[in-house]
Amino acid sequence: MSNCPTISVVVPVFNEEENLPELIRRTTVALEGTGESWEMVLVDDGSRDGSAGLIRAAHGADPRVKLVALSRNFGHQPAITAGVRHARGAAVILMDADLQDPPEVIPAMVGKWRGERFDVVMARRRSRADARGARGFGFRLFYPLLRRLADLPEAPDAGIFGLMDRKVVAEFNRLPERNRFIPGLRVWLGFKQGEVEYDRADRAAGEPKQTLGRLIKYAIDGMLSFSTRPLRVATWMGFLCAVVGFGTAIFFVFRRLFFNDPAFTGFTTLLVMMMFIGGIQLIAVGILGEYLGRVYEEVKQRPLYVVGETVGVEGDRGGEEG
Ligand code: UDP
Ligand code: MG
């Protein structure tokens, strides 16, 4: 790999024109501070504002800033995947465009990678300023739940912000799955994993670009793609209902036989039981459906994203490595 920069920073961008100038400025300062050669791969995920134009202009001013423009909006994780596949660096850093991941943490991550030879450096949030309202509740619920469910050595309490060595990136690029929960995949890949801590800022400008619906899908992806335990939960719920039902039946038969009690004929009880069992059945079918839908997505083998145009980067290296 000749002429490859040492560090690639990959940033997914969706309608971030308000944040881009500041992002590029602060990231450039942070990268210059490392003393390494670098590139910044900004992935325009079908923005409808001036984001792509801003990135093109930034490329004119500094050719180390590069653009991968997707043909439409594909979402956060596909955009990151596209960026990683176009990155050339010996280390690849993932970061959001809204300055929630402060670029000033980059030198510390590079230090861990260079100095202590970590292959993965995750940026663990010491605190987060964005955990308010429904989203905040979701964030607080999600990570403990993921830790209980996931078949991972250690479920990450980290977002995408982090650094991967080229050998980890090569393996990452070979992962074929469509439903990608990147923090989980990064832990799953293994290698020597380290951490730096940081305070997660609030989004610098604009509204969150990930809809709550997408965040929920992402959370479900995270749990389902690393565990089949929810399926077992359905089985256990079934067992529980069966045992309770059987116990109740025996109870009433005994009462009838030994106490000559007329059978219990509560309409309300019946209705409640039916609703309860119906609910449990639908939940079980829903869980099955979630898995089945994901299996269908994988089987279709459709690409994760389509690249419309690139500025300053060579082709996709998704299939080339490994
Ligand atoms: N983003 C993207 N495509 C989308 C939605 C978001 O590339 O469809 C980018 C967005 O520009 C930002 C990052 O993904 O750089 C994270 O998005 P956001 O800040 O809205 O998510 P949150 O911080 O709430 O997880
Ligand atoms: Mg954000």
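The values are calculated or read from the model by the stated rules, or taken from the named source; none is laboratory data. Please read these numbers as outputs of a predicted model, since none were measured by experiment. So basically every Cβ, Gly included, is an ideal-geometry build from the backbone, and we count neighbours across all protein chains shown. The accessibility values were calculated without ligands, DNA or RNA, using every heavy atom of the protein model including side chains. Shrake-Rupley method; radii C 1.70, N 1.55, O 1.52, S 1.80 Å.
Would you check which residues across segment 205-227 are surrounded by 12 or more Cβ atoms within 10 Å (Cβ to Cβ) and hydroxyl-bearing (Ser, Thr, Tyr) and list them?
TYR218, SER225, SER227
Name, by its number, the condition in (1) away from ligand 1 (no atom under 13 Å from the Cβ); (2) in contact with a Gly (Cβ under 9 Å, 6 or more places away or on another chain); (3) open to solvent by 10 Å² or more (accessible area, probe 1.4 Å); (4) not in a helix (DSSP H, G or I) that does not hold for ASN3.
Every listed condition holds for ASN3 apart from (2).
Only one residue in SER37, SER47 is more than 24 Å from ALA205 (Cα to Cα) and either open to solvent by 10 Å² or more (accessible area, probe 1.4 Å) or touching a Leu at 6+ places or on another chain (Cβ under 8 Å) (or both), so which one is that?
On the way: SER47 fails: more than 24 Å from ALA205 (Cα to Cα).
Only one candidate passes the filter, namely SER37.
Any residue at all in segment 128-136 that is touching a strand residue (DSSP E or B) at 6+ places or on another chain (Cβ under 8 Å), open to solvent by less than 10 Å² (accessible area, probe 1.4 Å) and under 26 Å from ILE24 (Cβ atoms)?
no
Search segment 184-204 for residues being open to solvent by 30 Å² or more (accessible area, probe 1.4 Å) and within 16 Å of ligand 2 (Cβ to nearest atom), and hand back the single one that is farthest from the chain's Cα centre (by Cα).
Among those residues, the one meeting the criterion is ALA204.
Which of the residues that make up segment 66-96 are closer than 20 Å to CYS4 by Cβ, out of contact with any helix residue (DSSP H, G or I) (no Cβ under 7 Å at 6 or more places or on another chain) and basic (Lys, Arg)?
ARG88 - this is the single residue of segment 66-96 that is closer than 20 Å to CYS4 by Cβ, out of contact with any helix residue (DSSP H, G or I) (no Cβ under 7 Å at 6 or more places or on another chain) and basic (Lys, Arg).
Each row is one residue, and each column tells you yes or no for (1) small (Gly, Ala, Ser); (2) away from ligand 1 (no atom under 16 Å from the Cβ); (3) open to solvent by less than 10 Å² (accessible area, probe 1.4 Å); (4) out of contact with any Cys (no Cβ under 7 Å at 6 or more places or on another chain).
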position: ILE55; (1), (2), (3), (4): no, no, yes, yes
position: ALA58; (1), (2), (3), (4): yes, no, no, yes
position: ALA61; (1), (2), (3), (4): yes, yes, no, yes
position: SER71; (1), (2), (3), (4): yes, no, no, yes
position: GLY75; (1), (2), (3), (4): yes, no, yes, yes
position: VAL84; (1), (2), (3), (4): no, no, yes, yes
position: ASP101; (1), (2), (3), (4): no, no, yes, yes
position: VAL105; (1), (2), (3), (4): no, no, no, yes
position: ALA108; (1), (2), (3), (4): yes, yes, no, yes
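If you go through segment 94-139 one residue at a time, how many are among the acidic types (Asp, Glu) and within 16 Å of ligand 2 (Cβ to nearest atom)?
From segment 94-139, those among the acidic types (Asp, Glu) are 96, 98, 101, 104, 116, 119, 130; that's our starting set.
The next check asks that each one be within 16 Å of ligand 2 (Cβ to nearest atom); those that pass are 96, 98, 101, 130.
Here the count works out to 4.
When GLY162 is evaluated against the numbered criteria (1) at pLDDT 85 or above; (2) surrounded by 14 or more Cβ atoms within 10 Å (Cβ to Cβ); (3) away from ligand 2 (no atom under 16 Å from the Cβ), which criterion, by number, is the only one it fails?
Every condition holds for GLY162 apart from (3).
So the check is Cβ under 8 Å with 6+ separation or different chains; which pairs have a first residue in segment 108-137 that's farther than 26 Å from ALA91 by Cβ and assigned to a loop (DSSP other than H, G, I, E, B) and a second one that's basic (Lys, Arg) and open to solvent by 30 Å² or more (accessible area, probe 1.4 Å)?
Note: pairs meeting the criteria are ASP130/ARG203; ALA131/ARG140.
Residue check, LEU31 against (1) open to solvent by less than 30 Å² (accessible area, probe 1.4 Å); (2) in contact with a Lys or Arg (Cβ under 6 Å, 6 or more places away or on another chain), all met but one. Which one?
Result: LEU31 passes all but (2).
Given (1) of a type in the set (Val, Ile, Thr); (2) closer than 26 Å to TRP113 by Cα; (3) in a helix (DSSP H, G or I), where does ILE160 come up short, assuming only one miss?
(3)
Name the single residue, out of those in segment 205-214 being within 18 Å of the chain's Cα centre (by Cα) and either near ligand 1 (Cβ under 9 Å from one of its atoms) or aliphatic (A, V, I, L, M) (or both), that is nearest to GLY50 (Cα to Cα).
So the first thing to find is which residues in segment 205-214 are within 18 Å of the chain's Cα centre (by Cα), and the list is 208-214.
With the extra rule that they be either near ligand 1 (Cβ under 9 Å from one of its atoms) or aliphatic (A, V, I, L, M) (or both), the set shrinks to 208-212, 214.
Working: PRO208: 17, LYS209: 15, GLN210: 18, THR211: 20, LEU212: 24, ARG214: 23 Å.
Here the residue is LYS209.
Is it the case that VAL233 is among the β-branched types (Val, Ile, Thr), surrounded by 10 or more Cβ atoms within 10 Å (Cβ to Cβ) and more than 34 Å from the chain's Cα centre (by Cα)?
Details: among the β-branched types (Val, Ile, Thr): yes; surrounded by 10 or more Cβ atoms within 10 Å (Cβ to Cβ): yes; more than 34 Å from the chain's Cα centre (by Cα): no.
No.
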